[in-house]
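S.K.: First the structure, which I've put down as C-alpha cells, then a few questions once you've had a look.
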Amino acid sequence: MANLVIVRHGQSQWNLENRFTGWKDVDITEKGKEEARLAGKLLKGEIFDSAFTSTLKRALHTLSIILEESGMEDLPITINAALNERSYGQLEGLNKAETAVKYGEDQVHLWRRSYDTAPPGGESLKDTAERVIAYFTAQIVPLLQRDRNVLIVAHGNSLRALVMYLEKLSPEEIVEVEIPTGIPLKYELKTDLTIVSKGYLSSK
C-alpha cells in the first residue's frame with residue numbers, strides 16, 4: 001500500500017482580497033505562510049518518496065515551507081503545469097462580489113461551482129480534471145502502485161479534480177466539495193487505488 005497526501009496551498013494574496021486568481025501567479029500571504037508551516041509540522045514524521053506541485057508560486061512557496069518545516073528539504077520535487085489551478089479566463093483579477101453584481105449571482109455561481117460550464121476564456125472543472133487526471137495517471141499512479149508515498153501541493157480546483165477521481169464522485173457530488181487551505185489530506189491506497197483510509201491531519 002501507499003500513502004498519498006494532498007495539500008492546498010496556503011492563503012494567497014488574492015484569496016485574501018476575494019479575487020479570481022486562476023493562472024495569475026500570486027504569492028501567499030503571511031497567514032498562508034503560517035498555514036504552510038502548520039502543514040509542515042503535521043507532516044513531520046511522514047515518509048515520502050517524491051513531491052509534485054504546480055508551476056505557480058503560491059504552491060511552490062507552500063511546498064518549500066512544508067519541506068523545510070518537516071525536515072524533508074532533500075525530497076525530489078517534480079513541477080508541472082498540469083497541476084495548475086483552473087483558469088478563470090477573463091474573470092482573473094476581478095473581485096468575486098463585484099463580478100456577481102456585474103453578471104448576476106446566478107451566472108457567477110454557475111461559473112464557479114458547476115462541473116462543465118467554463119467562464120469566458122477559462123476552464124470548467126471538467127476541463128481542469130481532464131489535464132490533472134491525465135497527468136496523475138501517467139506520472140503519479142505508477143509510483144503509488146510501487147508502494148511509493150507521494151505528496152502533492154496544488155490548488156483548490158486541481159485537487160478537487162483529483163479527489164473526484166480517487167473517490168469516484170459524480171459531477172453533482174464534487175461541486176459540494178471544498179478543500180481548505182494548508183491542511184494535509186491523507187489517503188492510504190491499495191495498488192488498484194482502492195481507498196483504505198482517508199482523513200485530514202490535525203494538531204490534536
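S.K.: Tell me, yes or no, whether the range 166-180 has at least one residue that is closer than 26 Å to LEU67 by Cβ, in contact with a Phe, Trp or Tyr (Cβ under 6 Å, 6 or more places away or on another chain) and at pLDDT 95 or above.
M.R.: No.
S.K.: Also: Among the residues of the range 63-72, is any surrounded by 15 or more Cβ atoms within 10 Å (Cβ to Cβ), assigned to a helix (DSSP H, G or I), under 19 Å from the mean Cα position of the chain (by Cα) and of a type in the set (D, E, K, R)?
M.R.: no
S.K.: Hey, could you check the range 11-62 for residues that are exposed (fewer than 15 other Cβ atoms within 10 Å of the Cβ) and of a type in the set (A, V, I, L, M) and say which is farthest from ALA81 (Cα to Cα)?
M.R.: Among them, the one singled out is ILE47.
S.K.: What tally of residues in the range 77-95 results from selecting those that are part of a strand (DSSP E or B) and more than 30 Å from VAL150 (Cβ to Cβ)?
M.R.: So the count comes out to 1.
The values are calculated or read from the model by the stated rules, or taken from the named source; none is laboratory data. This structure is a prediction, so every number in the text was calculated from the model and none was measured. So basically every Cβ, Gly included, is an ideal-geometry build from the backbone, and we count neighbours across all protein chains shown.
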